[in-house]
Amino acid sequence: MNKEKISEDISTVDVEYVVEQVKLGDKQGYTIIINRFQKQIYLYCYYLLGNKEDAEDAVQDIFIKGFENIDKFTNNVSYSAWLYKIAYNHCINLIKRRNRFYNVLKQYKNQESQVHEPLYTEIIHELLDQLNLEERHILLLRAVEEYSFEEISIIMDIKTATIRKKYERIRKKLHKFIKKKGRNCIWVNT
């Protein structure tokens with residue numbers, strides 16, 4: 001692999017170059033992609049699925065699907081947006097398949113009351129509980145992962161204008177909830 005294209009700092013790796021190398025047969029290069037995106041994908045899955053174990057399992061499955069389908073990746077979107085689309089679809093399928101999403105969240109809350117987490121995490125979960133699944137996806141992709149509305153549109157297969165409108169509604173909904181609770185939150189102001 002060309003050392004000029006791959007930096008020691010994993011956050012500055014030329015991902016598209018690594019993807020091309022993997023497509024050409026450098027299977028070991030895929031570990032660079034995993035190292036680059038593993039934490040982000042884990043956090044995304046964690047906030048959607050509601051617990052560590054499901055998120056960890058989902059991340060493994062997502063990277064396996066990403067590797068198995070890497071030949072289908074085209075440079076129409078960034079590799080990270082393509083990977084998030086896989087994550088989005090995988091999480092939706094998990095939730096549909098088990099049809100127990102809210103039960104899992106309730107179990108997590110019961111565990112959470114036994115092991116006290118920082119207030120910030122409690123606030124995040126309380127805010128996310130106010131949203132439906134689609135709203136959570138949009139909020140996490142926009143406010144946490146900082147994707148553009150166009151990229152979110154591609155990931156979720158929804159028109160860009162619709163994503164913008166839904167995001168504004170989400171912000172208003174959360175702002176209203178926070179006002180009601182008397183709290184302040186960074187996400188609502190972004």
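Please pick out the residue among Gln38, Gln60 that is among the polar types (S, T, N, Q) and without any contact (Cβ under 8 Å) to a residue 24 or more places away in the chain. Just a single option satisfies the conditions, and that option is Gln60.
Within segment 83-99, the set of residues being more than 12 Å from Ile41 (Cβ to Cβ) and without any contact (Cβ under 8 Å) to a residue 40 or more places away in the chain comprises Asn89, Asn93, Lys96, Arg97, Arg98, Asn99. Scanning segment 1-40 for residues that are of a type in the set (A, V, I, L, M, F, W, C), open to solvent by 50 Å² or more (accessible area, probe 1.4 Å) and modelled with pLDDT under 85 yields Met1, Ile10.
Select, from Leu43, Leu49, Leu105, the only residue that is closer than 25 Å to Lys173 by Cβ, surrounded by 15 or more Cβ atoms within 10 Å (Cβ to Cβ), modelled with pLDDT of 90 or more and of a type in the set (A, V, I, L, M).
Matching residue, one of Leu43, Leu49, Leu105: Leu43.
Residues in segment 61-83 that are assigned to a helix (DSSP H, G or I) and either open to solvent by 30 Å² or more (accessible area, probe 1.4 Å) or within 17 Å of Val13 (Cα to Cα) (or both): Asp61, Ile64, Lys65, Phe67, Glu68, Asp71, Lys72, Tyr79, Ser80, Ala81, Trp82, Leu83. Here is the figure for segment 138-153: residues that are surrounded by fewer than 19 Cβ atoms within 10 Å (Cβ to Cβ), closer than 16 Å to Tyr79 by Cα and touching a residue at least 60 places away in the same chain (Cβ under 8 Å) total 1.
The values are calculated or read from the model by the stated rules, or taken from the named source; none is laboratory data. Just so it is clear, the model here is predicted, and its values are computed rather than measured. Note that we place each Cβ from the backbone using ideal geometry, even for glycine, and neighbour counts take in every protein chain shown. Each accessible area value is taken on the protein alone, full model and side chains, heavy atoms only, with ligands, DNA and RNA left out. Shrake-Rupley method; radii C 1.70, N 1.55, O 1.52, S 1.80 Å.
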